[in-house]
Amino acid sequence: MVVEPKAKGFICTTAHPVGCYENVEKQIQYAKKTGESYQCKREKEFKKVLVIGASTGYGLASRIAAAFTCKASTIGVMFERPAAGKRTATAGYYNTAAFDKLAKEAGLYTKSINGDAFSDEIKQEVIQAIKDDLGEVDLVIYSLASPRRTAPDGTTYVSTLKTVNEVFTTKSLNLNNNEITTATLEPATEEEIAGTVKVMGGEDWELWIDALKAAGVLAKDAVTVAYSYIGPELTYPIYYSGTIGQAKKHVLETAVKLNQKYDDLKAYVSVNKAVVTQSSSAIPAVPLYLSIMYKVMKEQNLHEGCIEQMVRLFDEKLLGDTVPVDEEGRIRLDDWEMKPEVQDAIMKTWEQVNTENVSKLCDIQGYWDDFFQMFGFRMPGVDYGADVEI
Ligand code: NAD
């Protein structure tokens, strides 16, 4: 059938299998090309990598970087929906099918486990797969982003994108018509804050590491990395100081705890740059910030997407003899986004932007290209009029 995009706000309910394949292939080409040029600087390699949240955004790019710059065997975990009748599968489902095919063609071991990573069952299934096929893993990437989590005791927690203690009014981009509006956000209740920490905090990361350790499938001196974001003061009320920021503080505390608990493990938090992903598009003010940031960083030749960030994570941060971290022990991949010249230019535009000048001052086109490409649309060279097998 012919698959068309059906977008509403920050969601697209269809995905294009051929476009998703192209997107994964393009990321692989980048990782291969850039990875080769870095090779001589490497002090170590990862050979057996587990990526939790491996089908879209940063997790998919991490898996591609591990497989195609280190030639690592990878096990990926994701929660994606296959096609049913006329309903397409999710983009992450198609991405994973594409990754598996291309990795196998390149002679790389790959296994993808589709199910709820928060559950004990999936943790055990992954452990069994490691025992059967790899023996152990030397790198565990934790890249889950989810609106809810059912904990092992059966309680379901919901994550909320709200401020803490303050009402916050901000400029915002209406994704339905590209108008600049204002959005007012109410502070979260204690229960909402606690729920967000349960879903997006470090508890499940720690459960994964404990389970892998107990099963004896973590290599000696293994590394584990979870992802975080800080961003500019402009978005502090909704991000860094908001409910999601509380969860991210918990992720950082979990890294400290894991390092104290296990002598032969290094746990890191990597602070990545803001990019268009299914998760980030849902955060108020972030799409506007992103479209201004894209314009500024492209003009300054500093623009990066998920794959550029993740190749840099491997080549400049994780694979050297020492891993460079800030005063709080975090890897800073947001270093270019936070450059004063980038932030000053963003702030200037943020003050000026309105509905009339939005397309001139912001990279709205770039935002929407990235948004649709996440679902396999607007990929160059794909015939979107053709019938495809979904
Ligand atoms: P994303 O939505 O693109 O990917 C989320 C992944 O988690 C997908 O593979 C999905 O299948 C998987 N997933 C969700 N629920 C699951 C479940 N129950 N079981 C198994 N898999 C599940 O998200 P993203 O934006 O790439 O975010 C990944 C991490 O990076 C998050 O920690 C996020 O906070 C962080 N981060 C994102 C940005 C950004 O701008 N997008 C910036 C910095 C850091």
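The values are calculated or read from the model by the stated rules, or taken from the named source; none is laboratory data. This one's a predicted model, so the numbers in the text were calculated from it and none came from an experiment. In this analysis, Cβ positions are derived from the backbone assuming ideal geometry, glycine residues included, and neighbour counts consider all displayed protein chains. Heads up: the accessible areas ignore ligands, DNA and RNA and are worked out on the full protein's heavy atoms, side chains in. Shrake-Rupley method; radii C 1.70, N 1.55, O 1.52, S 1.80 Å.
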*Criterion (closer than 23 Å to THR277 by Cα and touching a residue at least 12 places away in the same chain (Cβ under 8 Å)) met by exactly one of THR169, THR182*: THR182
*Assess whether ALA219 counts as being among the small types (Gly, Ala, Ser), out of contact with any strand residue (DSSP E or B) (no Cβ under 8 Å at 6 or more places or on another chain) and more than 16 Å from the ligand (Cβ to nearest atom).*
no
_When the residues of segment 300-313 are narrowed to those that are within 14 Å of the ligand (Cβ to nearest atom) and free of Cβ contacts under 8 Å to residues at least 40 places away in the same chain, which ends up most open to solvent (accessible area, probe 1.4 Å)?_
HIS303
*asked:* If VAL199 satisfies all but one of (1) out of contact with any helix residue (DSSP H, G or I) (no Cβ under 6 Å at 6 or more places or on another chain); (2) more than 30 Å from VAL167 (Cβ to Cβ); (3) of a type in the set (A, V, I, L, M); (4) crowded, with 19+ Cβ neighbours inside 10 Å, what's the number of the condition it fails?
replied: (2)
*Only residues that are crowded, with 19+ Cβ neighbours inside 10 Å and under 17 Å from SER280 (Cβ atoms): list them for segment 164-174, please.*
THR170, SER172, LEU173
*asked:* The conditions are (1) modelled with pLDDT under 95; (2) farther than 22 Å from LEU313 by Cβ, and CYS70 fails exactly one of them. Which is it?
replied: (2)
*Of these, VAL325, VAL275, which one is open to solvent by less than 10 Å² (accessible area, probe 1.4 Å), touching a Phe, Trp or Tyr at 6+ places or on another chain (Cβ under 9 Å) and assigned to a loop (DSSP other than H, G, I, E, B)?*
VAL275
*Given the structure, is LYS104 farther than 17 Å from VAL223 by Cβ and either more than 14 Å from the ligand (Cβ to nearest atom) or modelled with pLDDT under 95 (or both)?*
yes
*Given the conditions (1) surrounded by 24 or more Cβ atoms within 10 Å (Cβ to Cβ); (2) under 30 Å from ILE209 (Cα atoms); (3) within 13 Å of the ligand (Cβ to nearest atom); (4) not basic (Lys, Arg), and given that ALA66 satisfies all but one, which numbered condition is not satisfied?*
(3)
*Residue satisfying all of: in segment 147-177; small (Gly, Ala, Ser) and at pLDDT 95 or above; farthest from ALA214 (Cα to Cα) among these*: SER159
*For SER228, all conditions in the list (1) touching a Lys or Arg at 6+ places or on another chain (Cβ under 8 Å); (2) within 14 Å of LEU258 (Cβ to Cβ) hold save one; what is the number of the exception?*
(2)
*May I ask you to list pairs of residues, at least six apart or on different chains, whose Cβ atoms are under 9 Å apart, with the first in segment 100-115 being free of Cβ contacts under 8 Å to residues at least 24 places away in the same chain and the second being assigned to a loop (DSSP other than H, G, I, E, B)?*
GLY107/LYS71
*Could you tell me whether segment 34-50 includes any residue that is within 16 Å of the ligand (Cβ to nearest atom) and closer than 30 Å to PRO284 by Cα?*
no
*State all residues of segment 207-224 that are crowded, with 22+ Cβ neighbours inside 10 Å and either among the charged types (D, E, K, R) or out of contact with any helix residue (DSSP H, G or I) (no Cβ under 7 Å at 6 or more places or on another chain) (or both); if no residue qualifies, say none.*
ALA222
*May I ask you to list the residues in segment 361-377 that are in contact with a helix residue (DSSP H, G or I) (Cβ under 7 Å, 6 or more places away or on another chain) and either open to solvent by 60 Å² or more (accessible area, probe 1.4 Å) or outside any loop (DSSP other than H, G, I, E, B) (or both)?*
LEU361, ILE364, GLY366, TYR367, PHE371, GLN373, MET374
*Pairs where the first residue, in segment 270-292, is under 17 Å from TYR58 (Cα atoms) and the second is among the aliphatic types (A, V, I, L, M) and within 6 Å of the ligand (Cβ to nearest atom), C-beta under 6 Å, 6+ apart*: SER279/ALA145; LEU290/ALA274
*When you go through (1) within 18 Å of the chain's Cα centre (by Cα); (2) more than 13 Å from the ligand (Cβ to nearest atom) one by one for GLU316, which number turns out not to apply?*
(1)
*Would you please list the contacts, defined by Cβ atoms under 6 Å and residues six or more apart or on different chains, that run from a residue in segment 187-212 that is under 14 Å from LYS261 (Cα atoms) to a residue that is aliphatic (A, V, I, L, M)?*
TRP205/ALA226; ILE209/LEU258; LEU212/LEU218
*In the set VAL358, VAL342, which member is open to solvent by less than 70 Å² (accessible area, probe 1.4 Å) and either modelled with pLDDT under 95 or of a type in the set (S, T, N, Q) (or both)?*
VAL358
